[in-house]
Amino acid sequence: MGHAYTPGLKVTEKILLTKKRILPLKGEVLVKVGNKVEPDTVVARTLLPGAVEPINVANILGVPPEDVIHHMLKKEGEKVEENEVIAKSKSFFGLFTSECKTKTEGTIESISSITGQVLIRGNPQPVEIKAYLKGEVVEVYQEEGVAVSSWGSFIQGIFGIGGETHGKLKMVCKDNTEVLSDKHINKDYEGYVLVGGSLVTASAIKKAVSVGAKGIVIGGFDDKDLREFLGYDLGVAITGSEELGITLVVTEGFGQMNMAERTFELLKSKEGEEACINGATQIRAGVIRPEVVIPCERDVHTKMKEEEFDEKVGLEIGRQIRVIREPYFGKLGKVVDLPPNLQKLESESSARVLQVEFGDKIRAIIPRANVELLEE
């Protein structure tokens, strides 16, 4: 896999978030505007139609399709049990009997006198939508779902696997450069979201699953370890539906990459607090990014002054950036100068540049196209 970044990943200590929690089909909304909710609070539910099982009764009984209706023991709309006889025929003066049984439990949806088939609709499957965040219901969509708002810290990742989950944050690496291995994980981490440094190994993820950890937040992840853990090549599919027993959020990219110091320190300051994480990722149109949300107690109707302005601030002196091209690939720094004129590069082309100061106080001149803003 190549190293790729999406410009403008958010890492912020306090932001007002609103998440829409929508059912796949119309159903029942269980909460009202103003209700306080926890991550596991069921806010809406519905029933998904069961799968259809066709049974060729005419072939099984050896009768013409138009005669199937006369051999049925059940009518359309009636419930049937698994392995229940739904049709029967007798032949050779009643000495031989043929039976047709169901394979699943459900309801007879249709009986066709043209094809001789009977369609059994499986029992409907209940679907529940949870709040995901600890917060307040701010809007209700009739028979469809709700919007939940919460103040909290917010960190966007670059890649993830696994769906929505939550647990208390636990720092398991001493700094953002340390590799998270299976030696860092023990049985006391059940129910926790573990925070590592520059890399997590496949064996560490497997051990985290075995002890019941809810999630891992890490700087980097090797693509060969990803393949080993998943058991297949991921490709460019949408992630988030994997049922692996854990959710992984990668903040920087593939390979051993130090978690951004700002991100690591933010997570460290929130250790012990409840974190809601989601590994769902889509890199095509309609980008979906994995995330870590750490809700805090604050009135969702209180707005910060800067939220009254919709315009986004671009590059300016003092802004935090990440370099997305070699030779400073992956490094974080602060803009210290923005020369207005085009400057000639080593490639002999001309471009607008900026001067950045990295954490080690080293400064460099970099094309503006080679950096991304870290939103604050």
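Looking at segment 30-75 only, could you name the residues that are of a type outside the set (A, V, I, L, M) and touching a Leu at 6+ places or on another chain (Cβ under 8 Å)?
The answer is 39, 45, 46, 53, 54, 71.
Results for (1) part of a strand (DSSP E or B); (2) surrounded by 12 or more Cβ atoms within 10 Å (Cβ to Cβ); (3) in contact with an Asp or Glu (Cβ under 7 Å, 6 or more places away or on another chain), shown as yes or no for each residue.
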{"position": "327", "(1), (2), (3)": "no, no, no"}
{"position": "333", "(1), (2), (3)": "yes, yes, yes"}
{"position": "336", "(1), (2), (3)": "yes, yes, yes"}
{"position": "341", "(1), (2), (3)": "no, no, no"}
{"position": "347", "(1), (2), (3)": "no, no, no"}
{"position": "360", "(1), (2), (3)": "no, no, no"}
{"position": "365", "(1), (2), (3)": "yes, yes, no"}
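Restrict the check to segment 177-194 and report whether at least one residue is under 17 Å from the mean Cα position of the chain (by Cα), at pLDDT 95 or above, surrounded by 21 or more Cβ atoms within 10 Å (Cβ to Cβ) and aromatic (Phe, Trp, Tyr).
Within segment 177-194, not a single residue is under 17 Å from the mean Cα position of the chain (by Cα), at pLDDT 95 or above, surrounded by 21 or more Cβ atoms within 10 Å (Cβ to Cβ) and aromatic (Phe, Trp, Tyr).
Quick grid of which residues meet (1) buried (at least 23 other Cβ atoms within 10 Å of the Cβ); (2) out of contact with any Leu (no Cβ under 7 Å at 6 or more places or on another chain); (3) more than 21 Å from residue 170 (Cα to Cα); (4) touching a residue at least 12 places away in the same chain (Cβ under 8 Å):
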site: 208; (1), (2), (3), (4): yes, no, no, yes
site: 217; (1), (2), (3), (4): yes, no, no, yes
site: 240; (1), (2), (3), (4): no, yes, yes, yes
site: 244; (1), (2), (3), (4): no, yes, no, yes
site: 252; (1), (2), (3), (4): yes, yes, no, yes
site: 266; (1), (2), (3), (4): no, yes, no, yes
site: 272; (1), (2), (3), (4): no, no, no, yes
site: 279; (1), (2), (3), (4): yes, no, no, yes
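What are the residue pairs meeting all of these: first residue in segment 172-190, first residue touching a residue at least 12 places away in the same chain (Cβ under 8 Å), second residue of a type in the set (Phe, Trp, Tyr) and surrounded by 16 or more Cβ atoms within 10 Å (Cβ to Cβ), Cβ atoms under 9 Å, and 6 or more apart or on different chains?
Sorted first by the residue in segment 172-190, then by its partner, the pairs are 172/189; 172/192; 173/264; 175/264; 176/264.
Which of the residues that make up segment 305-322 are at pLDDT 80 or above and assigned to a strand (DSSP E or B)?
Correct list: 320, 321.
Given the structure, is residue 197 out of contact with any Pro (no Cβ under 9 Å at 6 or more places or on another chain) and either outside any helix (DSSP H, G or I) or buried (at least 20 other Cβ atoms within 10 Å of the Cβ) (or both)?
Judged against the criteria, residue 197 is a match.
So, in segment 209-227, exactly how many residues are assigned to a helix (DSSP H, G or I) and either at pLDDT below 90 or touching a helix residue (DSSP H, G or I) at 6+ places or on another chain (Cβ under 7 Å) (or both)?
Number satisfying all stated conditions: 6.
So in segment 331-348, with the set limited to residues that are of a type in the set (Lys, Arg) and under 32 Å from the mean Cα position of the chain (by Cα), which one is modelled with the highest pLDDT?
334
Can you pull out the residues in segment 154-171 that are buried (at least 22 other Cβ atoms within 10 Å of the Cβ) and either without any contact (Cβ under 8 Å) to a residue 40 or more places away in the chain or not β-branched (Val, Ile, Thr) (or both)?
Scanning segment 154-171 gives 157, 159, 160, 162, 166, 169.
For the subset of segment 51-106 comprising residues that are part of a loop (DSSP other than H, G, I, E, B) and basic (Lys, Arg), which member is nearest to residue 121 (Cα to Cα)?
For segment 51-106, the residue satisfying everything is 103.
Can you find, within segment 349-358, the residue that is nearest to the chain's Cα centre (by Cα) among those that are part of a strand (DSSP E or B) and under 26 Å from residue 252 (Cα atoms)?
Here the residue is 358.
The values are calculated or read from the model by the stated rules, or taken from the named source; none is laboratory data. Since this is a predicted model, take the numbers as computed values, not measurements. As a convention, Cβ positions derive from the backbone with ideal geometry for all residues, glycine included, and neighbour counts pool all protein chains shown.
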